[in-house]
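Heads up: the structure comes next, in structure tokens.
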Amino acid sequence: MPRLADCPRLDRGRKTFRITRTYRGIGRIRVSAGTNQLSTYVRLLTMLDELYSMPERWHLLSALQHGEIAPLQLYHFYKTQDLARAPSPSSVTPLMPHVFDWLAAGGRADRTTRVYAEQFRLLLREGSTSARVSDLYDLLAAYRLRCLSRERATFRSFNLCRAAVLSYLRFAFRDQRPLWREIAEQIRPFAREWRRRQPHHLTVGELVPLLPKFSLKYREVVWSLFTTGMRISEYTEEGACRWTVLPDRIHVEGSKTPAADRVIPRIDCPVKHRIHGRSCAQVVSRVTARRYEPRDLRRSYARLLADAGIPEYRQAAYMGQAARTMTLHYQIGDIEPFLQPDAARLREWDISE
């Protein structure tokens, strides 16, 4: 409640009351109230005292102190219980230059940075170049409505864009927690459509007739995945050399788990191509009439290892997976002496034909 010592005084040269309050940790607030009605003036003082009692709202008092928001404007957000939309020192920051400066600062995986940059470009494509941080809610809500009127394929793009916006608000600012919470609670992601699909395995006899249907580039990609068992992310990762071909082995610097950093027998010479994981999945699905996907090539490699009679502990090592039991954990040791014999075993199963 306002103190009795707060006697209303008309601001000099203006026919409105003047607000003069001092709060520890914020300083002195001296602004024109914008009203000459005593009841409104009392409500403004009550609002300031209540905001001071909530440390997460102190940035609003600082914005009022520095003239970035008028008392009546702040009271409108307070009365409508929409303080998350009230301007703050960071919410008036120009969005486009600041968000790309934040992305350039790093602190996340290169692939995540590229995805976030692409999503922010899509978000700002139809928006104004003068958009502010406080406009993110409206921009994201409008983007969601546009996605509803388009194909379902855009739902995933919106979910990625929403994740980029939430990450930006969480890590780039300290005073945008209310806006972050509002977007997280009110702008919901699209539900992912789960497709129950049985895993499929390809034999050499089934794969060879399919290869001529691919272009030369994807023919080599599919064969490389089939003969190495690499994850599609390990093969396609940009900006990093994830695998290297050596005379008797292939070294894969997997990043999913510590066990993914592995060596595998070289039974053929894989070919490197710069592709996109989703594009590869679409090509494989189209050529095989949606029967197979890139992960089936990794499953097929696992089946080939088993059919060739390679012990289970070396199968786990070649697949880049941790041992599922303590027995296998103790069996996995130095597998280098077995690389050439295992490669010879696999070649006997007509891998290189």
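The values are calculated or read from the model by the stated rules, or taken from the named source; none is laboratory data. Just so it is clear, the structure is predicted and the values come from calculations on it, not from any experiment. Cβ atoms come from the backbone with ideal geometry, glycine included; neighbour counts cover every protein chain shown.
Scanning the range 265-303 for residues that are aliphatic (A, V, I, L, M) and touching a residue at least 60 places away in the same chain (Cβ under 8 Å) yields Ile267, Val283, Val284, Val287, Leu297, Ala302. Is it the case that some residue within the range 218-241 is under 28 Å from the mean Cα position of the chain (by Cα), under 25 Å from Thr112 (Cα atoms), modelled with pLDDT of 85 or more and among the charged types (D, E, K, R)? So far as the range 218-241 goes, yes, one or more of its residues are under 28 Å from the mean Cα position of the chain (by Cα), under 25 Å from Thr112 (Cα atoms), modelled with pLDDT of 85 or more and among the charged types (D, E, K, R). Looking across Leu179, Leu166, one residue alone is hydrophobic (A, V, I, L, M, F, W, C), at pLDDT below 85 and in a helix (DSSP H, G or I). It is Leu179. Scanning the range 135-174 for residues that are of a type in the set (Lys, Arg) and out of contact with any His (no Cβ under 9 Å at 6 or more places or on another chain), which turns out surrounded by the most Cβ atoms within 10 Å (Cβ to Cβ)? Selected residue: Arg162. Restricting Arg197, Arg274 to those that are surrounded by fewer than 13 Cβ atoms within 10 Å (Cβ to Cβ), within 25 Å of Phe158 (Cα to Cα) and out of contact with any strand residue (DSSP E or B) (no Cβ under 6 Å at 6 or more places or on another chain) reduces the list to Arg197.
Set side by side, the residues Ser233, Ser224 differ, and just one is under 26 Å from Pro341 (Cα atoms) and assigned by TED's automatic domain parsing to the domain that holds Ile335, which is Ser224. Scanning the range 92-130 for residues that are surrounded by 13 or more Cβ atoms within 10 Å (Cβ to Cβ) and touching an Asp or Glu at 6+ places or on another chain (Cβ under 9 Å) yields a count of 5. Residues in the range 130-148 that are of a type in the set (D, E, K, R) and under 15 Å from Asn159 (Cβ atoms): Arg144, Arg146.
Consider the range 250-267 and keep the residues that are surrounded by 19 or more Cβ atoms within 10 Å (Cβ to Cβ) and of a type in the set (D, E, K, R). The one that is farthest from Val222 (Cα to Cα) is Arg262.
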